[in-house]
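The values are calculated or read from the model by the stated rules, or taken from the named source; none is laboratory data. Just so it is clear, the model here is predicted, and its values are computed rather than measured. When we count neighbours, we look across all protein chains shown, and the Cβ atoms used for this are built from the backbone with ideal geometry, even at glycine. For the accessible areas, the whole protein counts, side chains as well, though only heavy atoms, and no ligand, DNA or RNA atoms are used. Shrake-Rupley method; radii C 1.70, N 1.55, O 1.52, S 1.80 Å.
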Amino acid sequence: MSLPFWFEVFVMALNSGFGAALARSRNTPVFGTLFAGLLVGLGGGILRDMMLGTEPIAISNPVFFPACIASGVVGALLFSRIVAMPRPLLLLQGLVLGTLVTIGAQKALDLHAPAVSAIALGVVTATFGGMLADVMTGHRATLAKQAHWMASALTCGSAAFVLVSMTLGFYPAVIVGVAVSTVIRYLSVARNWPSPSWPKESQNATDN
Amino acid sequence: MSLPFWFEVFVMALNSGFGAALARSRNTPVFGTLFAGLLVGLGGGILRDMMLGTEPIAISNPVFFPACIASGVVGALLFSRIVAMPRPLLLLQGLVLGTLVTIGAQKALDLHAPAVSAIALGVVTATFGGMLADVMTGHRATLAKQAHWMASALTCGSAAFVLVSMTLGFYPAVIVGVAVSTVIRYLSVARNWPSPSWPKESQNATDN
Amino acid sequence: MSLPFWFEVFVMALNSGFGAALARSRNTPVFGTLFAGLLVGLGGGILRDMMLGTEPIAISNPVFFPACIASGVVGALLFSRIVAMPRPLLLLQGLVLGTLVTIGAQKALDLHAPAVSAIALGVVTATFGGMLADVMTGHRATLAKQAHWMASALTCGSAAFVLVSMTLGFYPAVIVGVAVSTVIRYLSVARNWPSPSWPKESQNATDN
């Protein structure tokens, strides 16, 4: 069971566009921007496949690189509108990340990884490339910043996907997993929810 | 030959606790902290298994993630006491890192890696996750900082383990490898030894 | 088809020397410097082999680590002369990176990766280790900096190699790939060409 192949390519390419826009907003040169876009779009999926001991599909199939480069160029050219993150784009990014989580978790389940590893690999698929691109452009990873729900939203979505997948089946699980990730992520930004915090932690503490 | 399985899990979980404590002390949100704990606990071992072309045991076995998450929660809650690093905890961390070095080097030898690669993979097992977590939280990697013996202590321990393992056997090698790593690391902090330095290098040079 | 084995070792070791020199110039302790040198020399090739699903040759063959450590020691001792990058060394570094690009792209083609993945893996081979070492020493990756042609030069060289390799054969491709990478990189520094920039981008924008 899996989502249609072209859909997977489409979602990964969209993520490259977001990554390239962010990299360009950080004053990265042309090839560095496209490289960051490729990392964001493909890095998590490649790492997931490597961890599962299977050949990364983004390497063996020639569709992924050109799709992500094309989307990266568009993202970089429109970067100022993208990094401003108007609500529809925020929703789109939530959907993209939520879908990547379910793709990743499903591949892990298909390859007989235990449930807990599938949850983790879902999150890795959606976040690892972005983490590398943050770090490569000299920034603290979004995952490690006090901001809105991000790792938390995706972990909830990944866990929801795996639970529903093991009980109700694949398609309900996709809907639930994507919905949980997207809704939490979207609402956390739209309503300015802070990241879940440790007990007694000051929310005003400075980063770093 | 290898250490008992539960012992390996236990040591990796302890390392996650240290990692989560450090991440929380750097003002990382809840899921980011647990993610950093997982990276510190499991990242080095997963990379080692991937480099050896075998499926990472932390992915295929469902015990590692929950153990490291549980330990990460404890580490994050007690972070202020952990990052203060009183002497018994410093000793414990030395033992944990020393044990990880021997586990990593032994897996490499078991899979017929040459001795020099086994030494390197021992060090990778103990340090790679921490390096990623440092970088992800916006810090220079401990390995690349002028401070006390760290990479150096672990490299000595890994080399000692491999040498003794190829001559006297596994158990003496574990004792020697752990002892060398731990004693050098502990003494270097307790007695404030600087990192080994290049000839004529000023020890007062500022970092970065 | 491939370059002679000893030549591959030689080029990777030279790259380690450059990496160790740079790490030492950033005030990294002895073992951290050698570790950075190993990352720069071997990291890209190891990642490429892992992505291609084959055992990393730098792990399975015991020659690479000692060669890179030896070269790293030399690089670190002579660091002040190396980081000053006089023209002959700049040319040598261009040749090293250009050769690594062709080695990486060729391995990918040998293992039946599609052309576009081979181009990407050529660039990964030459740059990934340096990117990690930059990040580990607390710096923005060279790839993501506004400076001279770097990722761009190597991408052109990798694409040229793959195109010529698929038409005229291996040896002409090596010459063209190395020449394109090296000449662009060398000229971009010698004549102070800026990185290719996005339309209407200010070249005076500050980094980060």
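Here are the numbers for the structure shown:
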| item | result |
| --- | --- |
| Segment B:1-66 and segment A:159-181: distance between their alpha carbon centers, rounded to Å | 26 Å |
| Positive-end residue, the protein assembly as shown charge dipole about Cα centroid, Cβ charges, pick of C:30, A:177, C:153 | C:30 |
| Most mobile of B:59, B:69, B:175 in a GNM of chain B (Cα contacts under 10 Å) | B:59 |
| Accessible area of chain B belonging to carbon and sulfur atoms, whole % at 1.4 Å probe | 69 percent |
| Highest-MSF residue in chain B out of B:167, B:127, B:28 [GNM, Cα springs under 10 Å] | B:167 |
| 222 nm mean residue ellipticity, helices alone, for chain B (DSSP H n ≥ 4; -39,500 (n - 2.57); rounded to 500) | -22500 deg cm²/dmol |
| Kyte-Doolittle at least 0.0, axis length at least 15 Å by Cα - qualifying DSSP helices, chain A | A:5-25, A:64-77, A:87-110, A:115-136, A:151-167, A:170-190 |
| Residue A:8 - accessible surface, heavy atoms, 1.4 Å probe, Å² rounded to 10 | 10 Å² |
| Unit Cα scatterers, Debye sum, chain C: log10 I(q)/I(0) for q = 0.09, 0.15 Å⁻¹ | -0.32, -0.91 |
| Unit charges at the beta carbon, dipole of chain A: most positive-side option, A:144, A:58, A:99 | A:144 |
| Size of charge dipole - chain C - debye, nearest 20, with Cβ of Lys, Arg +1 and Asp, Glu -1, no other charges | 560 debye |
| Distant-in-sequence amide H partners of residue A:147 (H built 1.01 Å from N, under 5 Å) | A:195 |
| Volume per residue of the C-alpha convex hull in segment C:51-112, rounded to whole Å³ | 95 Å³ |
| Net charge of Cβ neighbours under 14 Å - reference residue C:113; Lys, Arg +1; Asp, Glu -1 | -2 |
| Residue C:197/residue B:54 FRET efficiency (R0 41 Å; Cβ-Cβ; nearest 0.05) | 0.35 |
| Heavy-atom SASA rank of C:149, B:193, A:6 (probe 1.4 Å, accessible area, largest first) | A:6, B:193, C:149 |
| Cα centre as origin, Lys/Arg/Asp/Glu Cβ charges: the protein assembly as shown dipole, Debye | 1560 debye |
| Neighbour net charge for residue A:150 - beta-carbon separation under 12 angstrom, K R +1, D E -1 | +1 |
| Cβ-Cβ FRET estimate between residue A:6 and residue B:112, R0 fixed at 41 Å, reported to 0.05 | 0.45 |
| Selection from C:16, B:12, A:113 lying farthest towards where the dipole of the protein assembly as shown points positive, charges on Cβ | C:16 |
| Cα extents of the protein assembly as shown along the three principal axes, largest first (Å) | 60, 58, 43 |
| Rounded to the nearest 10 Å², the accessible area of residue B:30 at probe 1.4 Å | 20 Å² |
